[in-house]
Amino acid sequence: MLQSLVEGAGNLDPSAVEFKKLIDLCFSCRRCVPICPAGIPIPDLVSRARYAYHKAAGPTSLTLGHRIFASYGLFDSMGSAFAPLSNFMLGKWPTRLFMQFATHIDARAHLPRFHVESFESWFRKQPSSQSEKKVVYYVDSYANYNDPSLGKKVFALLNRLGYQVLLPPQKESGMPAIEFGMLSKARDLAKYNVSQLLPYAREGIPIVCSSPAASYLLREGYGALLENDDVSAVSRSVFDIAEFLNEEYEKGALKFKDEPPLQAIYHYCCLSKALALAPITTRLLDAAGIQCKIIEECCGGAGVWGTFKENYELSSEIADKLRRRIEPGAEVLTESETCRLQMEAHTEAKVRFPLELLALRVQRL
């Protein structure tokens, strides 16, 4: 379809509502990319097609919900500033019904809660380490405002390994803006984050991410938006936290306690697939005595795609296929924040990040 559009064949109109509805069925899971014989980045083409549609259709082609998610860092900071009131209001059904009417975000959608103290605020209160070994932590918005305990675990692990953790100014990584075709917004976020991280990359300081979306964008996604040497320099310095911990494990710096084995399910989510994280994460889990069964079905959340009322039913149908493979009460591990929210909403499993279990089993130095 997209090739026909580029070649002017097939009588396709990129400004037609029917065309937009069709391309919106792509939720950028990126599972098509590694199996495409020609290596065509189909999700990137879809994002550019959406961008062309918005330019032709004008500002009304985007809902308020799209604009909120595209600036999720701002709205997360506002939600955190007004917590716990913001959590109380979002928990009320009348608020959710009004939200659905005003934003197109479905009233049934499982949304993250806001934390009163952000990770950045907590970090500024911590005593500064003066270690010669330094690492930059790119937090992203979820670990900053919605679940600072995740950021604290990353900080504690890196400190335990002898690293001074650096936290330069940063904005949200911007995956929703790219997926919605809001490429001008996405480029602005990419430029800012690259400019803040570049001095550290040039010094050879590694940049660690605890969100697979952030890892993917800093390593690959920003290159498609900016295409300059600065992006390349930053991308070469980026590690997902699992990759970084695995390197420390291979060097013998990271060791685990000898504890009774634990059974868990590892959900190989779409972005973890794009980063090929399963062999790395499961190796660390196995070393920590956590034996995992891998399941690869998509949860249907697709970032925030499944939260919109026009997608919610289809998202739930996809999630049901995954639910049938997970027994009630099972321990499920996933690296994705949004996959965790989706599985918490549609299964009876206990869903956690792999890092949470690993942190419990790391030996003190």
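Data overview
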| read-out | value |
| --- | --- |
| Selection within the range 153-170 - in a loop (DSSP other than H, G, I, E, B) and either over 16 Å from LEU197 (Cβ atoms) or in contact with a Gly (Cβ under 6 Å, 6 or more places away or on another chain) (or both) | LEU161, GLY162, TYR163 |
| Meets criteria (surrounded by fewer than 18 Cβ atoms within 10 Å (Cβ to Cβ) and assigned to a helix (DSSP H, G or I)) for GLU259 | no |
| Elements of type helices (runs of 4 or more DSSP H) in the range 171-224, at least 1 residues being touching a strand residue (DSSP E or B) at 6+ places or on another chain (Cβ under 6 Å) and not aliphatic (A, V, I, L, M) | 183-202, 212-216 |
| The range 78-103, residues that are crowded, with 17+ Cβ neighbours inside 10 Å and within 21 Å of ASN311 (Cβ to Cβ) | ARG96, MET99, GLN100, THR103 |
| Search result, residues across the range 262-286 that are within 14 Å of LEU358 (Cβ to Cβ) and more than 14 Å from the chain's Cα centre (by Cα) | LEU262, ALA264, TYR266, ILE280, THR281, THR282, ARG283, LEU284, LEU285, ASP286 |
| Condition check for TYR249: within 22 Å of the chain's Cα centre (by Cα) and under 21 Å from ALA359 (Cα atoms) | no |
| LEU218 vs. criteria of a type in the set (A, V, I, L, M, F, W, C) and surrounded by 19 or more Cβ atoms within 10 Å (Cβ to Cβ) | yes |
| Residue under evaluation ALA253, criteria (1) at pLDDT below 95; (2) crowded, with 18+ Cβ neighbours inside 10 Å; (3) within 28 Å of GLU132 (Cβ to Cβ), criterion not met | (2) |
| Identity of the residue in the range 63-77, among the small types (Gly, Ala, Ser) and outside any loop (DSSP other than H, G, I, E, B), that ends up nearest to LEU183 (Cα to Cα) | ALA70 |
| Index of the failed condition, GLY65 passing every other in (1) under 28 Å from ALA190 (Cβ atoms); (2) touching a Ser or Thr at 6+ places or on another chain (Cβ under 6 Å); (3) without any contact (Cβ under 8 Å) to a residue 60 or more places away in the chain | (3) |
| Of all residues in the range 15-51 being without any contact (Cβ under 8 Å) to a residue 40 or more places away in the chain and among the small types (Gly, Ala, Ser), the one that is nearest to LYS273 (Cα to Cα) | GLY39 |
| Inter-residue pairs, beta-carbon under 6 Å, first touching a residue at least 60 places away in the same chain (Cβ under 8 Å) and in the range 211-239, second among the acidic types (Asp, Glu) and in a helix (DSSP H, G or I), 6+ apart | SER211/ASP140; ALA214/ASP140; ALA224/ASP44 |
| Selected residue (criterion: nearest to LEU262 (Cα to Cα)) from residues of the range 315-345 that are surrounded by fewer than 24 Cβ atoms within 10 Å (Cβ to Cβ) and basic (Lys, Arg) | ARG325 |
| Positions within the range 59-77 being crowded, with 21+ Cβ neighbours inside 10 Å and of a type outside the set (Gly, Ala, Ser), in sequence order | HIS66, PHE69, TYR72, ASP76 |
| Residue among ALA56, ALA52 that alone is among the small types (Gly, Ala, Ser) and surrounded by 15 or more Cβ atoms within 10 Å (Cβ to Cβ) | ALA52 |
| Any hit, the range 242-249, residues being touching a helix residue (DSSP H, G or I) at 6+ places or on another chain (Cβ under 7 Å), of a type outside the set (D, E, K, R) and free of Cβ contacts under 8 Å to residues at least 40 places away in the same chain | yes |
| Residue list for the range 350-365, filter: surrounded by 14 or more Cβ atoms within 10 Å (Cβ to Cβ) and over 15 Å from ALA278 (Cα atoms) | LYS350, VAL351, ARG352, LEU357, ALA359, LEU360, ARG361, VAL362 |
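The values are calculated or read from the model by the stated rules, or taken from the named source; none is laboratory data. None of these values were measured; they are calculated from a predicted model. Ideal geometry is used to build each Cβ from the backbone, glycine not excepted, and the neighbour counts take in all protein chains shown.
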